[in-house]
Each structure stands twice: as C-alpha cells, then as structure tokens.
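J.: A single structure is presented below for examination.
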Amino acid sequence: SREPDPPDPGPIRGAEDASTCSGSAACTSESDGQPAAPAELLVSGSNSEIRVWLLDDLAEENGLPCVFCFKIEPLQGRVLALAGTWRDHIFMSFQSARMGVLDLRGAWKTLLRRGSGHKNRSRTIRFHTLRLDRPDPHITLLPPVHQGFVHALAWVPASSMLVSAAGDGSICIWEDSAPRQTISTNASIFALCMGITEFYSGDAHGVVTAYGIPSASGSDQAFIKCVAGRLDSCVLSLSYNAALQWLCASSSAGEVALWDATTFCKVVALSPSAHPCSAVELSHSPHDTSVVVTEGPGTLRVLLFPPQHARNYLQNKRTLVTNIATGRAGKWTDPLGKCITLLRDFVSFPTVSGCSRYTEDCRRCAAWLKNKFEQELGCMTMVVEPREDGAALNPVVMARWGADRELPTVVLYSHYDVVAASEKGWQTDPWTLTSKDGFLYGRGTTDNKGPILAEMLAVQRFIYSHGNQGNVVFICEGEEESGSRGLFEAINTAKEFGWLSNVAGLVVANSTWLDDDRPCLVYGMRGVLDVEISISTGGERDLHSGLHGGLLLNEPVSDLFALGNTLTDLRGIAVPGFTDGARGMCEMDRIAIKKAVQGVTVDGICARLGVPRGAFGTTRRGEEAEDSLRRTWLDPALSVTDVRYSDDGECGNCARVISKTVKMTVSARTVPDMSEAQCADCIKKHIEFEFAKRRSPNTLAVKTTSIFPWWEADSSSLLFQAATAALTEVWEVEPLLVREGGTMPQLSAMQQALGCPCIQVPLGQAQDSPHLPNERISLKNLGKGIDVIFALLRNVVLQLQQQEEEAMLANDGGPENELTKMG
C-alpha cells in the first residue's frame, strides 16, 4: 500500500499506478463536440480514482499530462485491476472487494462539458465524481461472486465477455455484466490475459493455465485446455502477442519467460531480476520484439530482441515439426535417454498397492507423475483420491492434452502400482533401476511404469507433429494390482469435467508378447470369477490331531478336498452346465493360432513354464503347441488357487492341527459368449449337490467373491487397424494377433463406460518376468514402444480426418450438387 496521490495528478512518472489499460479512439472536442484527431489514451487506477492520460506527445520532458479523472465515492480503497477501453467500458476491482463497470459509450461529450476542471501544463484536467451509494448513469456495481480480492481482469471486446480472478482461486466468466460461469482452482490467481481462442491465468504456485474461451473455441463453457507454462514462484503478470502467438509471464522472484502459445514450448527464459516483476508487456514489430518489465520501485526494464530471433525460432519450429513427423528430429530422435532418466526416478518409488506400509510412497509417486505430465507435456492434470468404506485409496492421476471437443480423444490407460518385491530371488535391488546386457531391471519396468513413460514421450512427439488434430487423456491408477478400486469414481469425475467426450479409442499397454521375438496385438482375454468354498465344524476352536484325531466323523479338510476333487476330471471341467454357451474357435482364432505356433515347440513351452512334457495331458501328436494355445486362449478353465486353514489364522500353518474352518478359492476362467453369473451359479449348485451326497455334519458356505467378464476387441474398428499398422511400420513385420488366458477386469468395464473400442498393445517380451523376481524390459522394446504409441495416435487422427473428408465429399458429390456447380 501507499499514501493517496495528491489532488493534482501531474505527469505520469515510471510505474506510478497499480493498474492500467489503454485504447485508441477519437477524442471529443470540448468546444464544438466534433471528433478531434485520433489520440492514444492510457487509463490507470490509484486510490479510488480512475485517470485518463494523453499519449499524443511522448516528447514532453515533464511526463504525460492527465486529461480526465474519475473520483469514486464513497472511498473503495485502491484500484486492484482494470480492463477494457476508455471509449467503451472500463471494468475495475477495488480493495473493498467490490467490482464495477464504467460505461463510457457516448458519454465523453457530456463528461467533458459538465466536469469541473483546472489548468495543468496548458491542458484542462476534467474531474467527475462517481457515486456508488446512489444511482449513477456511468457506473454499475457488479454482483459479488468472489470471496477474496479480485487481482486480475481481462476483457474480450468482440464478445463483451469479462474474465475476473481472485485470491480465493476462483475465476468468473461474465457476459453483459452478469456472471455466466465460475471455475474453481486450488491457488490464488494474480494475473490474466487474453489470447485468440483462449485466456490464460497465472497463480500463486507459478502455474500458467490455458482456458478455452466460450464460443471462440466452439464450446458453450470455458474449459481448461492445458498447463501452458510454469515459473518457480507466484505469477504476477501475463501478456499475449497475437502476431507471434507468444505468451509472456513474470513472477515475484523476478523471472520472465516466453512460451510459444501454439505448442507451449519455452522460447526463452530471461535472467531473473533482484526485484519482483509486477507487470510485463510483450510487443512485436518488423523492427524488433520487445518485453517491457516493471520491476522494483518505479523501475522499467526494456528487453529488445532483433527480428531475426523470432524468425529463427519460427523457422526452427517448422523444421522441428517436419523432422518429428518423419522421425528425424534433432533432439527428439533419441527420447530413450530421457525415458531411462525418468524411469530411474519412477522405479525408486515402492508403489505396492494393497499394503498400508507403502501408502505414502504411492502418494509421493502420484505427485511425481502429475508433475511430469505438466512439465514434459504441458498437460492439464487432475488427481482423484477415491475412498472405499471410508478409507482412502491410492490416487488416480489423470492428464489431458488438448480440449477441443470436436476433435477425437484417445484414452491411454495404465497403472503405477506394482506387486511386492522381496529381496529373495532378485539379482539386483528391485527399487533401483539397473541396466545390464541391453535390459533395464527393476520392479515395474515392464508392468507398468516403463510403458507409462513410453506413452508419455510418444504423446510429446505427437503434440509437436499433430497436437492440433486430436486430444489425449492419460488415466493412471494406483490400485490395479488390488482390484482397481476407485478407478471408475475417477472416470466419472473426468466425465463431469468434460475430459472424456468424443472418445475414439482406449489403448492399454499392460501385457507382454507371446515370445521374445515377435510383436503382438492382444484382441481378446478370458473372464474370471472367484468362488470361495468354506467348510466349518461350527466349533469354537481348532483341535489337536493327537488328542482329538479320529473323534470327528468328517474333518473339514477331508470334506473340502473331496469337493475340490469333483470339479474336474481327465476330460476337463466336470461341473454340469459350466461350459454352456462357450463360442469355440472362429476362423480368425484358427489363423491366429497357426501363425503364433510357427517356431514354437512343446519342449520350449514346457521349459518356459518349468513343467514336464507330459503335464499337458493327452494331445494329438504334432499338435501339442496348437493345443496349448487353444486351451489357454479359447477354452474355459477351472482351478483351485488357494486353501486356507483356521478361521482365526493362529494355527493355520502349524502341523498336527485339525482346523475348525477351512476355505478353498476356486478361480474359473470364461470365454466369449459365456455368462459369468451363470457359471458361478453352476459351481454353487454342483458343490452343494456333492456336499449333500457326503452326509457330513459340517456346515457348507459357497460365496462368489468376484466376477469380471471376458473381453474381445472389435477387429473391424479403426483403432484395431491403426494399431496393426503402427506395429507393422515400427517393427517391419506384421504383429501376431493373440488372445490371453488372463483377465484385465478394467477392459470390458472401461470400454462400456467410455463407449469406444479398446485395444491392448503389449510392449514387453515374454521373458520380462512381470510380478516375479528380476523383472525387466528390453531397451530396444522400450524405444520401439515410444514409436509404436506415436504411430498409433497419428494413424487414429489421420484416419478419422480421412473419413470426415470422404463423408464431406459424399455429401457434396450428389447429382443435384454437381448440376448446380456446372450451372
């Protein structure tokens, strides 16, 4: 704060006022009311005053003359922000937390005639008092919408739209002096400026955010486009130059930086000043590019760039984009080095889900990942912290590039959580990235941290070459290894913010190849359901096999094992009705299996699985490899995966104890056209029937603990074709089309929730050991993975553009239109 200015405004010297806005118009003459020669005027605000300064004679030694002064009564304190032009509207915010609009359309003739005045340096200063406590035709108070000081205002003359931002972190969009939309942020906002189809805000955390302007961006509402840039301290001022399409920002730490507003690449960062930079203005002319910075007490710093600097940047940008599109960009040709650097930090977070010991590590990793999306890509980010039964779950990190709802959106799903990694069996520290023999070792390298970074750098390349042709949304959850709890709460939140509109496809890179040599494209996965079978004596405690052995007619373990033995036989699943509805092999499956088994031997499969050759059962000689794929890809399966003793767990693993309660988990895999609910019912009825046959006095309980459906890709979809073409282009060989025997519960549910096709593109090799000791990923696969994801994104947007063009030609190419054109 400062003392009130003297009654005689005098000349403007240096940075005299807190807020300014300027405009050019025809000044009305006092004598005859006729327009005089065009004049440049500057409007400034001080302590309850709005002043108009004449800029037609910058050569005056004593500074600029003040020609008009509006006095605000009752006093409202200092004017914090101004926007508008002196011949139309002037919007203002006061230290009293009130906002007003000064309507000057056609008012200057009256004001110049009626205003009181006195001579100052051969010019007459006119004064007019604006009363806020009574009706005044010139000023209107705006309704209160902010809870703090309004530090920044920006105005769009063409649409009469005003944007205001306050210390409470709120942004309000005004239309015709009425609030239209309010946006809440998590930091105080001190700066605003207008671009062509967006406006920009700068907050106390140093983040510069781009928002789409309603109507100008094709939307009825303002929306977050992306993080445009970042400084190390509070952003105090912003400036946009339409000729260069550059954005300039200054901070409280004296930083000044310029970004290209089309790509949000930093053009230049100026050496910081010793004082806060309270105002900045960027201008461009054929002679030079200049940045005028207000810093410290009454000090201006003018920074000039020769015109060649801007031309060189723009030329380099065009060359960069061209080279990226052809894969020959200078610093972008080897993103693998950056990927390794980021992966080293990423792997160091022990993000084990489902264990409270690692909760804080997961939260730190989510914050790190959010920052990388902002810093590396300039994405707008969102972190959703879901809850289950009142308990906090690991955060879901979401990031979005682009916000044009007319363009297609590709969603990239991944997860940053991992399974536990004990030191037993590891040859290296699982939480330290280790490079050895062309592989990167560490927990999460292939499942799924390495693929996340490959996607990030692929999108970075996509932004520079096709960033104005499509949108990309990342969904990175932290509970995938524990059932994806909270995932759909985050997806619904993203839908509410409009992030998931016009989704063209869902891409998942969370799997491995069939072998170590041939790239794969997964087009189907089996479903899964888990049934828990519990047998109990109904007693209060476990019994000792020595003291009590032989007393019980049917021990719970005997009943449980007898029931488990009825589930399968030598022919396969023995549960009546379980396999009803299974589709079987189609022609696409038959061709895929034929190609997949080329070069595969049953001995190799047995060696990889660590089982003897006869473990596969009866198979026609020479068809062992094909039969093994058919069984895991296309046949339903039923397996006992867990047996637990003693309900209280005190003696569960102790010898010579008869458990009062034993439980068995039966995991069943389903294939296309099977109903998981029907299968669960078949298992329940079969177990109850077999248990009744035993006439046991024990108590039986059968409970379905989880059901997740099978998933199958649409091989005719544009996304499937784009992924196939991308893998063929990068690896120079057609990918194997494979099904997987495992299940990703998210795929079917996400595909249904987003209403789009889905495809899974594995990046790792079969021997990468996900979930096992010595997990790894090949450097070659990691680098090629970046290229594959980029090519896939590019193919999607280009094919959609081609479809739109063909549709337009079809609509315009009818006989009637052709006759009209000929006529």
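The values are calculated or read from the model by the stated rules, or taken from the named source; none is laboratory data. The structure presented is a predicted model; accordingly, all values stated were derived computationally and were not measured. Cβ atoms come from the backbone with ideal geometry, glycine included; neighbour counts cover every protein chain shown. These area figures cover heavy atoms from the full protein model, side chains too; ligands, DNA and RNA do not enter into them. Shrake-Rupley method; radii C 1.70, N 1.55, O 1.52, S 1.80 Å.
J.: For the list (1) under 30 Å from Asp787 (Cβ atoms); (2) open to solvent by less than 20 Å² (accessible area, probe 1.4 Å); (3) at pLDDT 95 or above, I need the number of the one condition that Trp633 fails.
T.: Checking Trp633 against (1) under 30 Å from Asp787 (Cβ atoms); (2) open to solvent by less than 20 Å² (accessible area, probe 1.4 Å); (3) at pLDDT 95 or above, the one that fails is (3).
J.: Regarding region 362-376, can at least one residue be identified that is open to solvent by less than 40 Å² (accessible area, probe 1.4 Å), at pLDDT 95 or above, within 26 Å of Lys225 (Cβ to Cβ) and not in a helix (DSSP H, G or I)?
T.: Checked against the condition, which is being open to solvent by less than 40 Å² (accessible area, probe 1.4 Å), at pLDDT 95 or above, within 26 Å of Lys225 (Cβ to Cβ) and not in a helix (DSSP H, G or I), region 362-376 yields no hits at all.
J.: Mind listing whichever residues of region 144-163 are open to solvent by less than 30 Å² (accessible area, probe 1.4 Å) and either part of a loop (DSSP other than H, G, I, E, B) or touching a Pro at 6+ places or on another chain (Cβ under 9 Å) (or both)?
T.: His146, Gly148, Met161, listed by residue number.
J.: Identify all residues within region 775-795 that are open to solvent by 10 Å² or more (accessible area, probe 1.4 Å) and out of contact with any strand residue (DSSP E or B) (no Cβ under 6 Å at 6 or more places or on another chain); write none if there are none.
T.: Leu779, Lys780, Gly783, Lys784, Asp787, Arg794, Asn795 - these are the residues of region 775-795 that are open to solvent by 10 Å² or more (accessible area, probe 1.4 Å) and out of contact with any strand residue (DSSP E or B) (no Cβ under 6 Å at 6 or more places or on another chain).
J.: Now a separate question. So which residues in region 247-258 are out of contact with any Phe, Trp or Tyr (no Cβ under 7 Å at 6 or more places or on another chain) and either among the hydrophobic types (A, V, I, L, M, F, W, C) or within 26 Å of His466 (Cα to Cα) (or both)?
T.: Our first condition is that a residue be out of contact with any Phe, Trp or Tyr (no Cβ under 7 Å at 6 or more places or on another chain); within region 247-258, this holds for 248-257.
Hits for region 247-258 are Cys248, Ala249, Ala253, Val256, Ala257.
J.: Moving on to the next point. Which residue pairs have Cβ atoms under 8 Å apart, sit 6 or more places apart or on different chains, and have a first residue in region 421-432 that is on the phi > 0 side of the Ramachandran plot and a second that is in a loop (DSSP other than H, G, I, E, B)?
T.: Pairs found: Gly425/Leu772; Gly425/Pro773; Gly425/Asn774.
J.: Here's another thing I want to ask about it. So Asp530 clears everything in (1) open to solvent by less than 30 Å² (accessible area, probe 1.4 Å); (2) out of contact with any Pro (no Cβ under 8 Å at 6 or more places or on another chain); (3) more than 25 Å from Ile591 (Cβ to Cβ) except one condition, right? Which one?
T.: (1)
J.: Can you name the residue in region 735-754 that is part of a loop (DSSP other than H, G, I, E, B) and modelled with pLDDT under 95 and, of all such residues, is farthest from Glu587 (Cα to Cα)? Explain how you work it out, then say what you get.
T.: Kept after step one, since they are part of a loop (DSSP other than H, G, I, E, B), are these residues of region 735-754: 735, 741-744.
When the remaining residues are screened for being modelled with pLDDT under 95, the result is 741-744.
Values: Gly741: 19, Gly742: 22, Thr743: 23, Met744: 24 Å.
The residue in question is Met744.
J.: Still on this structure, please answer the following. Do you know which residues across region 368-391 are among the aliphatic types (A, V, I, L, M) and touching a residue at least 24 places away in the same chain (Cβ under 8 Å)? Show your work before the answer.
T.: Keep residues of region 368-391 that are among the aliphatic types (A, V, I, L, M), which gives 369, 377, 380, 382-384, 391.
The answer is Leu369, Leu377, Met380, Met382, Val384.
J.: So Lys495 fits all but one of (1) part of a loop (DSSP other than H, G, I, E, B); (2) at pLDDT below 95; what number is the exception?
T.: (1)
J.: When you scan region 553-565, how many residues do you find that are among the hydrophobic types (A, V, I, L, M, F, W, C) and open to solvent by 60 Å² or more (accessible area, probe 1.4 Å)? Spell out how you get there, then give the answer.
T.: Just the residues of region 553-565 that are among the hydrophobic types (A, V, I, L, M, F, W, C), to begin with: 553, 557, 560-563.
Imposing the further condition that a residue be open to solvent by 60 Å² or more (accessible area, probe 1.4 Å) reduces the set to 553, 561.
Total satisfying the criteria: 2.
J.: Name the residue that is farthest from Glu626 (Cα to Cα), counting only residues in region 566-590 that are open to solvent by 40 Å² or more (accessible area, probe 1.4 Å), outside any loop (DSSP other than H, G, I, E, B) and not acidic (Asp, Glu).
T.: Only one residue fits best here, namely Thr568.
J.: Filter region 658-704 for residues that are touching a strand residue (DSSP E or B) at 6+ places or on another chain (Cβ under 8 Å), assigned to a helix (DSSP H, G or I) and at pLDDT below 95; which is surrounded by the fewest Cβ atoms within 10 Å (Cβ to Cβ)?
T.: Ala677
J.: Within region 164-184, which residues are in contact (Cβ under 8 Å) with a residue 24 or more places away in the chain, open to solvent by 30 Å² or more (accessible area, probe 1.4 Å) and on the phi > 0 side of the Ramachandran plot?
T.: Selection gives Ser177 alone.
J.: Is it fair to say Ile605 is under 24 Å from Ser628 (Cβ atoms), in contact (Cβ under 8 Å) with a residue 40 or more places away in the chain, in a helix (DSSP H, G or I) and touching a helix residue (DSSP H, G or I) at 6+ places or on another chain (Cβ under 7 Å)? I'd like the intermediate steps shown before the answer.
T.: Values: under 24 Å from Ser628 (Cβ atoms): yes; in contact (Cβ under 8 Å) with a residue 40 or more places away in the chain: no; in a helix (DSSP H, G or I): yes; touching a helix residue (DSSP H, G or I) at 6+ places or on another chain (Cβ under 7 Å): yes.
Judged against the criteria, Ile605 is not a match.
J.: Enumerate the pairs (first residue in region 185-200 and farther than 16 Å from Leu82 by Cβ; second residue anywhere and part of a loop (DSSP other than H, G, I, E, B) and open to solvent by 20 Å² or more (accessible area, probe 1.4 Å)) with beta-carbon separation below 7 Å, excluding pairs fewer than 6 apart on the same chain, so at least 6 apart or on different chains.
T.: Pairs found: Ala187/Ala204; Ala187/His205; Ser188/Gly167; Ser188/Ala204; Ile196/Ala242; Thr197/Ala216; Thr197/Ser217; Glu198/Ser217.
J.: Quick one: Lys109 ticks every box in (1) in a strand (DSSP E or B); (2) at pLDDT below 85; (3) among the basic types (Lys, Arg) except a single one, so which number is it?
T.: (1)
J.: From Leu514, Leu543, Leu521, which residue is open to solvent by less than 10 Å² (accessible area, probe 1.4 Å) and touching a residue at least 60 places away in the same chain (Cβ under 8 Å)? Before the answer, list the steps.
T.: Values: Leu514 fails: open to solvent by less than 10 Å² (accessible area, probe 1.4 Å); Leu543 fails: open to solvent by less than 10 Å² (accessible area, probe 1.4 Å).
Selected residue: Leu521, the only one of Leu514, Leu543, Leu521 that is open to solvent by less than 10 Å² (accessible area, probe 1.4 Å) and touching a residue at least 60 places away in the same chain (Cβ under 8 Å).
J.: Within region 446-458, identify whether any single residue is at pLDDT 90 or above and either aromatic (Phe, Trp, Tyr) or open to solvent by 40 Å² or more (accessible area, probe 1.4 Å) (or both), and answer yes or no.
T.: The initial filter retains those residues of region 446-458 that are at pLDDT 90 or above, namely 446-458.
When the remaining residues are screened for being either aromatic (Phe, Trp, Tyr) or open to solvent by 40 Å² or more (accessible area, probe 1.4 Å) (or both), the result is none.
No, region 446-458 contains no residue that is at pLDDT 90 or above and either aromatic (Phe, Trp, Tyr) or open to solvent by 40 Å² or more (accessible area, probe 1.4 Å) (or both).
J.: Does at least one position in region 496-506 carry a residue that is free of Cβ contacts under 8 Å to residues at least 40 places away in the same chain and either of a type outside the set (Gly, Ala, Ser) or open to solvent by 20 Å² or more (accessible area, probe 1.4 Å) (or both)?
T.: We begin by selecting, within region 496-506, every residue free of Cβ contacts under 8 Å to residues at least 40 places away in the same chain; these are 496.
After this cut, where a residue has to be either of a type outside the set (Gly, Ala, Ser) or open to solvent by 20 Å² or more (accessible area, probe 1.4 Å) (or both) as well, the list is 496.
Within region 496-506, one or more residues are free of Cβ contacts under 8 Å to residues at least 40 places away in the same chain and either of a type outside the set (Gly, Ala, Ser) or open to solvent by 20 Å² or more (accessible area, probe 1.4 Å) (or both).
J.: Hey, another quick one. Name the residues in region 405-436 that are under 29 Å from Leu792 (Cβ atoms), among the acidic types (Asp, Glu) and open to solvent by 10 Å² or more (accessible area, probe 1.4 Å), would you?
T.: Glu406
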